[in-house]
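Everything below concerns the one structure shown next.
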């Protein structure tokens, strides 16, 4: 057991899924093996590959496993996690993917940070090798853009805003979602960026390093659209620019090259204060 000194009954692991039938049973069983007593909440975005049926079968064995089947008309990773975090019944939560790129054995490190007093903890990747070149470039560009925007807004930043492996005090994150959720980019990929953008300036932020793993099965849903999504999260100007690029640039290669140039220009403009940003709550 890798639980450390944590009271596991105070933790819920939130796993967003969309067509993860190859991974979901394995990740759920491994988490319950490592952390007996935790709760797991699977938030499914209308999977059609048997993911839902796999979770329903698992519920017959695990009474601390919950399944939320979301409205298909409201599909979106950020929207899924907003719903998942808001529905958590325990004091703390951890968000992770189902594909084992976020190692189950590293969950305890995030648990230690939040149970030790952090309001929000971010898993920081110490390696990027499992990413394709395109995803690595897109992730780096999106991180730089998000980090520049948070700096301009005088908000707390992490060294890895795109990791997707994070956790926190449920009451703190729920309050941010309830008060500012209408301004989140619900069809986006990075709810962590929205949480930090709207969180109080004095939020207690911590980090925990982890080794980023190779995807165990299925296909990644992320591509160059991540940069467009993050751009839309950067105030009104970013939303307009991101929408324009999404509509006008069709070629994936041209989109990546064009977006990298735009990210550099946009980030510089943000830092110089020539682009207005959303007012700090």
Which condition number in (1) in a helix (DSSP H, G or I); (2) under 15 Å from residue 12 (Cβ atoms); (3) touching a helix residue (DSSP H, G or I) at 6+ places or on another chain (Cβ under 9 Å) is the one that residue 114 fails? (3)
Looking at region 71-94 only, could you name the residues that are modelled with pLDDT of 95 or more and assigned to a loop (DSSP other than H, G, I, E, B)? 87, 88, 89, 90, 91
Test result for residue 190, within 17 Å of residue 125 (Cβ to Cβ), in contact with a helix residue (DSSP H, G or I) (Cβ under 7 Å, 6 or more places away or on another chain) and crowded, with 21+ Cβ neighbours inside 10 Å: yes
Of all residues being more than 15 Å from the chain's Cα centre (by Cα) and within 30 Å of residue 214 (Cα to Cα) in region 151-169, which is modelled with the highest pLDDT? Just the residue, please. 169
Restricting the search to region 171-184, which residues are more than 19 Å from residue 96 (Cα to Cα) and either touching a helix residue (DSSP H, G or I) at 6+ places or on another chain (Cβ under 9 Å) or touching a residue at least 40 places away in the same chain (Cβ under 8 Å) (or both)? 176, 178, 179, 180, 181, 183, 184
Over 19 Å from the mean Cα position of the chain (by Cα), buried (at least 17 other Cβ atoms within 10 Å of the Cβ) and modelled with pLDDT of 95 or more: which single residue out of 108, 114, 55 fits that description? 55
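The values are calculated or read from the model by the stated rules, or taken from the named source; none is laboratory data. This structure is a prediction, so every number in the text was calculated from the model and none was measured. As a convention, Cβ positions derive from the backbone with ideal geometry for all residues, glycine included, and neighbour counts pool all protein chains shown.
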